[in-house]
Amino acid sequence: MTSATSDMMENLSNTILNNDDLPMVKAGAPAYLLMIDSLISKDPKNETLLSTAAMLYTAYADLFVKDMDRSKKMAQKALNYANQAICLEKKDACRLKSKPFEDFEKIISKMQKEHVPVLFALGNAWSAWIMANKNDFNAIADMAHIELIMQKVIELDEAYKDGAAYLYLGTLATLLPPGLGGNPELGKQYFDKAVILSKGKNLMAKVVFAKLYARMIFDRKLHDQFLKEVIAADPHVSGYTLINTWAQIQAQELINSADDYF
């Protein structure tokens, strides 16, 4: 049953990720997410199902949910699923979020390559949880945990999901201005790696690069170059069509507002 459920979820996930009709996905995905909840209730020890649920809840909230209360609820659910998945994969990783940072660091340091999928799913969901609770200082303090998780993913398999861990590290380095602890040049190094490893498949890499780094240092030329490349690209790439379609919308909005920003 576990194998059959995992296969079905993978096929359904791919169907969503390869869809370029954002309104249809927005309207239809909630029913799919409820189905995931139902399947997990029947198969609560399916790591693949839990990790997939965490990733999809995070993606849906990020793309479509504007209401802060709903966003927080969905982020919390995604984080719960990701925590359950990594706990099943590695027993000493249960309740990671509540552990002292030194213990957390030791546990993460012992992760192996086979743990990368659940480790990345946890970092992804935890990042979304932080953003949904960004007005809470205690949530922002968790950024060090995400950095450690994504650095470990890179150490074990830097090309996982076409270098997506570098995109998270670049985002963390550029979320704050230099005066408040941001490091734009380190962020640039991470973004460069994300763009190289994605090989043009994940258009969001260039959008985030332009939005967080180019705007921070007021580099209009780099900003417009990346965004124009995104707009001109074919969004239909296996596994990325949905996010690429959204990336092109974001790119056009950034281009339209550039004159006011720079």
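The values are calculated or read from the model by the stated rules, or taken from the named source; none is laboratory data. Not measured: the values here are computed from a predicted model. Here the Cβ is made from the backbone with ideal geometry for all residues, glycine too, and neighbour counts use every protein chain on show. To get the accessible areas, we keep the full protein, side chains included, count just its heavy atoms, and leave off ligands, DNA and RNA. Shrake-Rupley method; radii C 1.70, N 1.55, O 1.52, S 1.80 Å.
Name the residue that is most open to solvent (accessible area, probe 1.4 Å), counting only residues in the stretch 112-161 that are outside any helix (DSSP H, G or I) and touching a residue at least 24 places away in the same chain (Cβ under 8 Å).
Within the stretch 112-161, the match that is most open to solvent (accessible area, probe 1.4 Å) is Gln112.
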Quiz item: Just one of Ala59, Ala54 is closer than 20 Å to Met131 by Cα, touching a residue at least 40 places away in the same chain (Cβ under 8 Å) and open to solvent by less than 20 Å² (accessible area, probe 1.4 Å); which is it?
Solution: Ala54
Quiz item: Here is a list of conditions, (1) touching a residue at least 12 places away in the same chain (Cβ under 8 Å); (2) assigned to a helix (DSSP H, G or I); (3) over 20 Å from the mean Cα position of the chain (by Cα), and Leu34 meets all of them except one; can you say which number that is?
Solution: (1)
Practice problem: Test each condition in (1) aliphatic (A, V, I, L, M); (2) at pLDDT below 90; (3) loosely packed, with under 13 Cβ neighbours inside 10 Å for Leu34 and report the one that comes out false. | Solution: (2)
Quiz item: Under 7 Å by Cβ, and 6 or more places apart or on different chains, what pairs join a residue from the stretch 218-240 that is touching a residue at least 60 places away in the same chain (Cβ under 8 Å) and farther than 12 Å from Ala258 by Cα with one that is open to solvent by less than 30 Å² (accessible area, probe 1.4 Å) and assigned to a helix (DSSP H, G or I)?
Solution: Pro235/Thr241; Pro235/Asn244; Pro235/Thr245
Quiz item: If we keep just the residues of the stretch 245-262 that are among the polar types (S, T, N, Q) and touching a Pro at 6+ places or on another chain (Cβ under 8 Å), which is most open to solvent (accessible area, probe 1.4 Å)?
Solution: Gln248
Quiz prompt | Search result, residues across the stretch 92-111 that are open to solvent by 70 Å² or more (accessible area, probe 1.4 Å), within 28 Å of Leu33 (Cβ to Cβ) and not hydroxyl-bearing (Ser, Thr, Tyr) | solution = Arg95, Lys97
